[in-house]
Amino acid sequence: MIDKDRCLEYRGFYGSVAYSAPDDLLYGKILDIHGLFMYDGTSLDELKKEFADTVERWLDFCEAEREEEMQSHAPVREMAIA
């Protein structure tokens, strides 16, 4: 279960927030999707912006996959029954 109080939220998607001390970097990934889409930033504001941009890229990816899947199927013929 996602702890929404400890996550970023954008357009219904949630993202994790973590900190790398050696890199002095905030980072995270979109949660509960099939795939790995990560983002990072040096400030919380930058991390939020990168998260939103990453969600938009995920949505674009899903749309492209859906279009490709639709093109790979033969068209369905409608038949009228008299």
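Readers should treat all values here as calculations from the given coordinates under stated rules, not as data from a laboratory. Please read all numbers here as calculations on a predicted model, not as lab measurements. Virtual Cβ from ideal backbone geometry, glycine too; neighbours counted across all protein chains shown.
Could you tell me which residue of region 18-53 is surrounded by the most Cβ atoms within 10 Å (Cβ to Cβ), considering only residues that are within 27 Å of residue 65 (Cβ to Cβ) and among the β-branched types (Val, Ile, Thr)?
It comes out as 30.
Counting just the residues of region 16-72 that are part of a helix (DSSP H, G or I) and of a type in the set (Val, Ile, Thr), which one comes out farthest from residue 3 (Cα to Cα)?
Keep residues of region 16-72 that are part of a helix (DSSP H, G or I), which gives 44-72.
Checking the rest, the ones that are also of a type in the set (Val, Ile, Thr) come to 54-55.
Numbers: 54: 20, 55: 19 Å.
Here the residue is 54.
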